[in-house]
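Visitor: What follows is a structure written as structure tokens; I'll ask about it next.
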Amino acid sequence: MKILGISTGTKNGNNDTMCRIALEEARNLGAEIEFIHVADWNIEQCSGCVACSRGLVMGKGMICTRKDDFKALYEKMVDADGVLFVDPIFESGATGLFHAMCDRMGPGHDTGMLLGLNSKLQEQGKEPLDHKYFKQKAVSFVGIGGSDWAVRTETDHAMLAMSPGWKVVNNEYFSWCKDVIMQDDKVERMKEIARNLVEAAQDMIDRNLMIFDKENDSLSYWKGTPGACPHCNGNAFYIHPGTTTAECELCGLRGELKVVDGAIKFEYDPACEHHAHDILSGKALHGKDIFENEGRLMNLHKDPEFQARKAHYTAVIEPTPSPSKNN
Ligand SMILES: Cc1cc2nc3c(=O)[nH]c(=O)nc-3n(C[C@H](O)[C@H](O)[C@H](O)COP(=O)(O)O)c2cc1C
């Protein structure tokens, strides 16, 4: 079993150390461990060029125009059975570096899209993607903050697992943690998170669990406190103004917020469950939407009316050049 720890903190800072604490525990349980300090790697921001989506739509494969280390980082994650992310809390949520990884994980590695690519490859009589890209894996997230401003953290983090469809085991944050490695309860919790990750990864290995397997959707490896969203354990909701209608910011399910026995309860219509982004039907639906919309836009580029509008607005004003970059 391989457990990969990924830290986005400063070199040998608290996040690196907490990640290593968990990795040591995983190694004690027999796992092979690897540690990546992401700031040492060259991870560029997603440019938004959508070459990845188009590559999948056109059956060309997994493409990214960024020539940096993300592909290698992704392959490290693919090879691992369990991945632990430890990320400093910035402005109550994930760091920019984490968001960059999350965007890069986006459409190009979304299971719904990859399954769409496989259908295209099959149509073209080509080899499908290697099964390793559909192997289920256990993922946990820990955010570490210097204060108690933190409530966006879990949602930001779990989003990274949403595109590939990996199973989240623990997702939590530690506040008031400038001296975290001296806080024994946090150190012990980190070890427990490692044990949970190893246990979940072992079960997935034993089952040889693939994301497209029938049983995948019904299996939960969640070891945290049950979240307000009974579907994905998310705790952040968008409340549609002036209504009790709310949308889970993580799995996208829409439902009603009610007070039941003194606590807020989120109830969704089971008939809408197939839309949820954390199950295969939702991923397939989302993939189909992207395939259709990306295809439509590609055709629109040949439309004279579209070309005329684009030319008109482009002529309105040139962007101010960067003072430091040649572009
Ligand atoms: C730009 C920035 C924003 C921060 N925002 C928060 C915050 O919103 N909440 C919080 O608890 N800590 C915040 N912090 C503190 C960091 O989470 C803390 O410095 C970090 O966990 C230290 O990790 P390291 O030792 O691994 O680098 C912020 C730090 C920086 C640099």
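The values are calculated or read from the model by the stated rules, or taken from the named source; none is laboratory data. These numbers come from a predicted model, not from an experiment. As a convention, Cβ positions derive from the backbone with ideal geometry for all residues, glycine included, and neighbour counts pool all protein chains shown. SASA here: full protein model, heavy atoms, side chains in, ligands and nucleic acids out. Shrake-Rupley method; radii C 1.70, N 1.55, O 1.52, S 1.80 Å.
Visitor: Considering the dipole of the chain built from charges on the beta carbon (Lys and Arg +1, Asp and Glu -1) around the Cα centre, which of 190, 284, 297 is farthest to its positive end?
Guide: 297
Visitor: Take the Cβ-Cβ distance between residue 124 and residue 298 as r, set R0 to 22 Å, and report the resulting FRET efficiency rounded to the nearest 0.05.
Guide: Using R0 = 22 Å, I get an efficiency of 0.80.
Visitor: GNM on the chain, C-alpha springs below 10 Å: top fluctuator among 129, 300, 197?
Guide: Of 129, 300, 197, the Gaussian network model singles out 300 as fluctuating most.
Visitor: Another one. Roughly how many debye, to the nearest 20, is the charge dipole of the stretch 16-137 about its Cα centre, given +1 on each Lys and Arg Cβ, -1 on each Asp and Glu Cβ, and no other charges?
Guide: Computed about the Cα centre, the dipole is about 600 debye.
Visitor: Go ahead and run the numbers for FRET between residue 269 and residue 313, Cβ-Cβ distance against an R0 of 35 Å, rounding to 0.05.
Guide: Approximately 0.30, to the nearest 0.05.
Visitor: Still on this structure, I have one more. Kirkwood hydrodynamic radius (Cα pairs, Å) of the stretch 2-224?
Guide: One decimal place: 17.9 Å for the Kirkwood radius.
Visitor: Run the dipole for the chain about the Cα centre, Lys and Arg Cβ at +1, Asp and Glu Cβ at -1, nothing else charged, and hand back the magnitude in debye, nearest 20.
Guide: Rounded to the nearest 20 debye, it is 920 debye.
Visitor: Hey, another quick one. From the phi of every residue in the stretch 61-67, what ³J(HN,Hα) in whole Hz does the Karplus formula 6.51 cos²θ - 1.76 cosθ + 1.60 yield, where θ is phi - 60° and glycine or proline is x?
Guide: Values, residue by residue: x, 8, 10, 9, 7, 6, 9 Hz.
Visitor: List the relative contact order of the chain as a percent without decimals, with contacts defined as Cα pairs under 8 Å and 6+ residues apart.
Guide: 17
Visitor: Could you order 157, 274, 109 so the one with the most accessible surface comes first? Probe is 1.4 Å.
Guide: Largest accessible area first, the residues go 274, 109, 157.
Visitor: Share of antiparallel DSSP beta bridges in the chain, in percent to the nearest 5?
Guide: Looking only at bridges with both residues in the chain, the antiparallel portion is about 35 percent.
Visitor: Please compute the length gained on full extension between residue 149 and residue 92, using 0.36 nm multiplied by the number of residues separating them and subtracting their Cα-Cα distance.
Guide: Going from the current span to full extension adds 20.0 nm.
Visitor: Okay, next question. Tell me, what is the FRET efficiency for residue 132 and residue 40 to the nearest 0.05, using R0 = 25 angstrom and their Cβ-Cβ distance as r?
Guide: Given R0 = 25 Å and the Cβ-Cβ separation, E is 0.50.
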